[in-house]
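Visitor: Sharing a structure with you now.
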Amino acid sequence: MDREELRRRLEFYRDLGMGGLYVASGTGHGEAAVAPPEAVKRAPKPEAAAKPGAIPESQPAPAVLPMALPPLEPAGDTLPAILTDIGECTRCRLHQGRHKLVFGSGNEAAKLVFVGEGPGADEDEQGLPFVGRAGQLLTQMIDNTARKEGIPISRPDVYICNVVKCRPPENRTPLPDEMEICGQFLARQLAAIRPKAICALGSTAAKALLNTKDGVTKLRGKWHKWREIPLMVTYHPSYLLRPYNQEAKKEAWEDLKKVLHYVYD
Ligand code: SF4
Ligand code: URA
């Protein structure tokens, strides 16, 4: 692997939110011969180089790749291929408590993708994302906002998935290593669908996709980018279900209106 290829790979892993890659010596792990993903090839170079933490050209490239790197996105990747690669996944500890893996659902050619945190009890039981109470609220938010705004879409027109595909015990927040490991599949899903926009629901999705520590209050309502795809952050529907967060509900409707008009006008 030449230095340019290595640099692109490291940029790719940083885009996935994988901070602090370490270098193992002399193991030769992670040397799978895969072409650089289209998305990385197309990434605007000057912008990437200007990012804090970007890998400068002048810095000597590490001799050996970190161990156990996830596979890069294969060219021409598809959702069924990603699902096949996940298989009966045991790549992180979350597999231990799951009943069903929750890959995602909806339109595989969606112009809009919603990303949540991880399956809850209902989702774990049914193998589908956002089917519990938070899911019902999300469905209402999508369907009612679209109807009121005269946009002829409903939930089945979008695609919905999560940062982690298996339910965390007691619905705890996914841990950084779990997000990092499962995040490779989320990145592949987004790259395969190539939606016009992404809507990150809550801080876990925002952290995973934007590589930021900022909270939803700060990030919401504004356009960000995941690679070159516009990304809106808004509140997670579970947060909106709490009776003391009714003010946030109005803001979430505003955010959703913006997203729907941008994508479907
Ligand atoms: Fe695999 Fe993701 Fe499930 Fe972890 S959460 S076991 S990485 S599918
Ligand atoms: N909350 C999430 O983040 N995802 C789901 O699929 C359900 C609830």
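Visitor: For Ala109, which of the numbered conditions (1) part of a helix (DSSP H, G or I); (2) loosely packed, with under 15 Cβ neighbours inside 10 Å fails to hold?
Guide: Single failed check for Ala109: (1).
Visitor: Condition test on Glu178, is it in contact with a strand residue (DSSP E or B) (Cβ under 9 Å, 6 or more places away or on another chain), at pLDDT 95 or above, among the acidic types (Asp, Glu) and surrounded by 17 or more Cβ atoms within 10 Å (Cβ to Cβ)?
Guide: Considered against the rule, which asks whether it is in contact with a strand residue (DSSP E or B) (Cβ under 9 Å, 6 or more places away or on another chain), at pLDDT 95 or above, among the acidic types (Asp, Glu) and surrounded by 17 or more Cβ atoms within 10 Å (Cβ to Cβ), Glu178 comes out as no.
Visitor: Can you name the residue in the stretch 78-97 that is of a type outside the set (Val, Ile, Thr) and surrounded by 18 or more Cβ atoms within 10 Å (Cβ to Cβ) and, of all such residues, is farthest from ligand 2 (Cβ to nearest atom)?
Guide: Only one residue fits best here, namely Cys92.
Visitor: What strands (runs of 3 or more DSSP E) completely inside the stretch 138-231 contain at least 2 residues that are within 16 Å of ligand 1 (Cβ to nearest atom) and either without any contact (Cβ under 8 Å) to a residue 24 or more places away in the chain or of a type outside the set (Asp, Glu) (or both)?
Guide: Once the strands (runs of 3 or more DSSP E) in the stretch 138-231 are filtered for at least 2 residues that are within 16 Å of ligand 1 (Cβ to nearest atom) and either without any contact (Cβ under 8 Å) to a residue 24 or more places away in the chain or of a type outside the set (Asp, Glu) (or both), what remains is 159-162.
Visitor: For the stretch 112-137, which positions are assigned to a loop (DSSP other than H, G, I, E, B), within 13 Å of ligand 1 (Cβ to nearest atom) and surrounded by fewer than 23 Cβ atoms within 10 Å (Cβ to Cβ)?
Guide: The answer is Gly127, and nothing else.
Visitor: Checking Cys199 against (1) touching a strand residue (DSSP E or B) at 6+ places or on another chain (Cβ under 8 Å); (2) more than 10 Å from ligand 2 (Cβ to nearest atom); (3) under 21 Å from Asp124 (Cα atoms), only one condition comes out false. Which one?
Guide: (3)
Visitor: I've got another one for you. With the structure loaded, tell me whether Arg155 is within 14 Å of ligand 2 (Cβ to nearest atom), closer than 24 Å to Leu256 by Cβ and basic (Lys, Arg) or whether it fails that test.
Guide: yes
The values are calculated or read from the model by the stated rules, or taken from the named source; none is laboratory data. Remember, predicted model here, so these are calculated numbers, not experimental data. Neighbour counts run over all protein chains shown; Cβ positions are idealised from the backbone, glycine included.
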